[in-house]
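Since the structure comes first, as structure tokens, the remarks are kept for the end.
The values are calculated or read from the model by the stated rules, or taken from the named source; none is laboratory data. For clarity, every value in this text was computed on a predicted model and none was experimentally measured. When we count neighbours, we look across all protein chains shown, and the Cβ atoms used for this are built from the backbone with ideal geometry, even at glycine. Please note that ligands, DNA and RNA were not included when accessible areas were found on the heavy atoms of the full protein model with its side chains. Shrake-Rupley method; radii C 1.70, N 1.55, O 1.52, S 1.80 Å.
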Amino acid sequence: MKDTDIKKLLYTHLLCIFSIILSIFIPSFFLENFSILETHLTWLCICSVSVTAVNLVLYLVVKPNVSSKRSSLSYKVTRFLKCCIYFLTSCFFFHVIFVLYGAPLIELALETFSLAVILSTFTTIPCLCLLGPNFKAWLRIFSRNGVTSIWENSLQITTISSFVGIWLGAFPIPLDWGRPWQVGFNSLKQQSKCFPLPH
């Protein structure tokens with residue numbers, strides 16, 4: 001049983017990685033002037049949609065959590081709506097966190113929100129697919145000893161790795177001051193040379 005779960009989990013992660021790779025190459029056939037760097041917002045949206053779709057399909061096919069006692073239509077609709085609310089809440093929550101960590105509040109709001117959506121895609125969507133909108137189960141998994149299966153362990157590792165990765169990804173930002181997107185900072189630096197601050 002455990003070997004079967006490990007194989008299913010491996011295939012799930014490989015297909016998610018494959019969907020990210022496809023989201024890099026496939027849109028260039030359908031969209032003119034598509035580039036990850038120049039049309040990064042479009043790519044973030046495509047990547048988020050493709051990873052979400054793959055997660056939904058895989059978790060429906062694999063069904064690691066088969067203990068669904070209620071199967072009425074109203075229960076499924078309510079559960080789906082709760083999942084949508086959880087996802088949107090996590091997007092807005094991450095957006096606020098990014099702004100508190102120094103992202104521009106108004107100037108680059110779309111870019112910041114796109115980053116929040118992609119982070120929610122890699123953290124919240126797998127939690128919703130595996131656990132549903134059960135906040136107590138979320139707390140149990142992300143507590144110290146709350147993991148009861150290999151799927152929950154994978155969910156814990158993937159979510160924490162996504163947070164650490166996005167935090168570490170901020171370190172190279174000061175290394176690109178000469179790039180066009182740092183023009184605002186460079187002009188401020190030149191103004192401070194022209195008008196030195198009193199000591």
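Every condition in (1) modelled with pLDDT of 80 or more; (2) within 17 Å of the chain's Cα centre (by Cα) is met by LEU41 except one, and the failing one is (1).
Could you list, in sequence order, all residues of the range 123-170 that are outside any helix (DSSP H, G or I) and charged (D, E, K, R)?
Going residue by residue through the range 123-170, those that are outside any helix (DSSP H, G or I) are 132-134, 142-149, 169-170.
ARG144 - this is the single residue of the range 123-170 that is outside any helix (DSSP H, G or I) and charged (D, E, K, R).
Which of the residues that make up the range 6-60 are assigned to a helix (DSSP H, G or I), aromatic (Phe, Trp, Tyr) and in contact with a Ser or Thr (Cβ under 9 Å, 6 or more places away or on another chain)? Can you show your working first?
Within the range 6-60, the first condition is being assigned to a helix (DSSP H, G or I), and the residues that meet it are 6-25, 27-30, 40-60.
Adding the requirement that they be aromatic (Phe, Trp, Tyr) leaves 11, 18, 25, 29-30, 43, 59.
Result: TRP43, TYR59.
Considering the range 112-135, and only residues there that are at pLDDT 85 or above and open to solvent by 60 Å² or more (accessible area, probe 1.4 Å), the residue that is farthest from the chain's Cα centre (by Cα) turns out to be PHE113. Residues in the range 106-139 that are free of Cβ contacts under 8 Å to residues at least 24 places away in the same chain, farther than 23 Å from LEU58 by Cα and touching a Leu at 6+ places or on another chain (Cβ under 9 Å): THR112 alone.
Taking the range 1-59 as the range and being surrounded by 12 or more Cβ atoms within 10 Å (Cβ to Cβ) and more than 23 Å from VAL117 (Cβ to Cβ) as the test, the residues that pass are ASP5, ILE6, LYS8, LEU9, TYR11. Just wondering, is there one or more residues in the range 136-153 that are over 23 Å from PHE98 (Cα atoms), surrounded by fewer than 21 Cβ atoms within 10 Å (Cβ to Cβ) and within 17 Å of the chain's Cα centre (by Cα)? No, the conditions are met nowhere in the range 136-153. Close Cβ contacts (under 9 Å, 6 or more residues apart or on different chains) running from residues in the range 2-16 that are over 13 Å from SER154 (Cα atoms) to residues that are β-branched (Val, Ile, Thr) and open to solvent by 70 Å² or more (accessible area, probe 1.4 Å) comprise LEU15/VAL57.
Out of LEU105, LEU197, LEU100, one residue alone is hydrophobic (A, V, I, L, M, F, W, C) and modelled with pLDDT of 85 or more. It is LEU100.
Residues that are part of a helix (DSSP H, G or I), touching a helix residue (DSSP H, G or I) at 6+ places or on another chain (Cβ under 9 Å) and of a type in the set (A, V, I, L, M) within the range 72-122 comprise LEU88, VAL96, ILE97, VAL99, ALA109, LEU110, LEU115, ALA116, VAL117, ILE118, LEU119, listed in sequence order.
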